[in-house]
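Below is one structure; the comments refer to it alone.
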Amino acid sequence: MLEVKEVIEVKEVKEVKEVIEDMNIDFEKCGGLVPAIIQDANTRNVLMLGYMNKEALDKTLATKKVTFWSRSRNCLWTKGETSGNFLNLISLKADCDNDTLLVRAIPDGPTCHKGTDTCWGEENQPQNNDTNPLLFLTELQDFIDRRHEEMPEGSYTTSLFKDGVNRIAQKVGEEALETVIEATNGSSPKIIYEASDMIYHLIVLLTSKGLRIEDVAAELAKRHDPNWDKKRREAKAKGEME
């Protein structure tokens, strides 16, 4: 398994030159090219392997369409420029040696030129969603991130971002109250319906503050450790806290 050294999220990219300098990719090690492993940002399936030089990486970051250096044609090649099946950039990772890229993207269609989802002829389907539907939260987070970045007209999510953090926070409170009401007086389907609204608006709120739902999951995982906050809890039990 590659040790991930750095992650560049597309929504945080400011200057292409600055990003590339920060990543410190060692293009010279392999004659000016580095392998780029393409992974579906939602399903986490590997779609293909390509090669990038500095110019291809520049264009990928600037256009947010994954671009390679074609070794057979000896030119830049943006995946989808002919077929329309673009790979929409989500994030970039450099490995521990700075000579391999992991590129997470959202495909517009089949990735392989033969018409299959991946270059290995496999279907690009979620591997674990049937047993772990929580994985969808990352997909939803990525979708809301794109809404925040692109702000398309006519989108409810866009309207929330335009209304500002106070309005989004208010909506979280309203949906939380409705969830509580259904929990005390409603049915299970209604509780799930209102809780879904609450979680959606919570993700929008987190996104507006530059956070992700995974940050909440990481905090909960930290608290799951029996030693988490142990000193404070022990002091509280002894009545030593003010």
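Things to note:
- Cβ-Cβ FRET estimate between Ser188 and Lys162, R0 fixed at 41 Å, reported to 0.05: 0.75
- Rolling a 1.4 Å probe over the heavy atoms of the protein chains gives the chain an accessible area of 61 Å² per residue.
- For the chain, averaging the sequence separation of C-alpha pairs within contact (under 8 Å, six or more residues apart) and dividing by the residue count gives a relative contact order of 15 percent.
- Stretchable slack from Cys30 to Cys75, in nm (0.36 nm times residue separation minus alpha-carbon distance): 14.5 nm
- Computed from the C-beta positions of Asn85 and Val180 and an R0 of 45 Å, the FRET efficiency is 0.50 to the nearest 0.05.
- Max mean-square fluctuation residue, GNM over the chain, Cα-Cα springs under 10 Å, options Val216, Val172, Val66: Val216
- The stretch 66-157: chymotrypsin sites (Phe, Trp or Tyr not before Pro) in DSSP loop, at most 11 other beta carbons within 10 Å: none
- Applying 1/(1 + (r/R0)^6) with R0 = 45 Å to the Cβ-Cβ distance of Asn227 and Lys114 gives a FRET efficiency near 0.30.
- Placing +1 on each Lys and Arg Cβ and -1 on each Asp and Glu Cβ, with no other charges, gives the chain a dipole about its Cα centre of roughly 140 debye.
- Model label points for Glu214 and Leu137, set 7 angstrom from Cα along the Cα-to-Cβ axis, are 1.3 nm apart.
- Net charge of Cβ neighbours under 10 Å - reference Asp117; Lys, Arg +1; Asp, Glu -1: -3
- Kirkwood estimate for the stretch 173-236, i.e. one over the average of 1/r between Cα atoms, Å: 13.9
- Cubic angstrom per residue, convex hull over Cα atoms of the stretch 122-242: 199
- Remark: for residue pairs Lys59/Lys222; Lys65/Lys209; Lys29/Lys59; Lys162/Lys190, the C-alpha separation exceeds 32 Å in Lys59/Lys222.
- In the stretch 58-110, trypsin sites (Lys or Arg not before Pro) in a DSSP loop with at most 15 other beta-carbon atoms within 10 Å: Arg71, Arg73
- The trypsin sites (Lys or Arg not before Pro) of the stretch 159-242 that DSSP puts in a loop, and whose beta carbon has at most 12 other beta carbons within 10 Å, are Lys209, Lys238.
- Over the C-alpha trace of the chain, radius of gyration and Dmax come out as 21.9, 74 angstrom.
- Within the accessible area of the chain (1.4 Å probe), percent carbon and sulfur: 52
- Cα→Cβ-extended label distance, 7 Å offset, between Leu49 and Asp97, nm: 1.3
The values are calculated or read from the model by the stated rules, or taken from the named source; none is laboratory data. Owing to the predicted nature of the structure, the values given are computational and were not obtained by experimental measurement. Every residue, glycine as well, gets a Cβ built from its backbone with ideal geometry; the counts of neighbours run over all protein chains shown. Quick note on the areas: whole protein, heavy atoms, side chains included, nothing else; ligands and nucleic acids left out. Shrake-Rupley method; radii C 1.70, N 1.55, O 1.52, S 1.80 Å.
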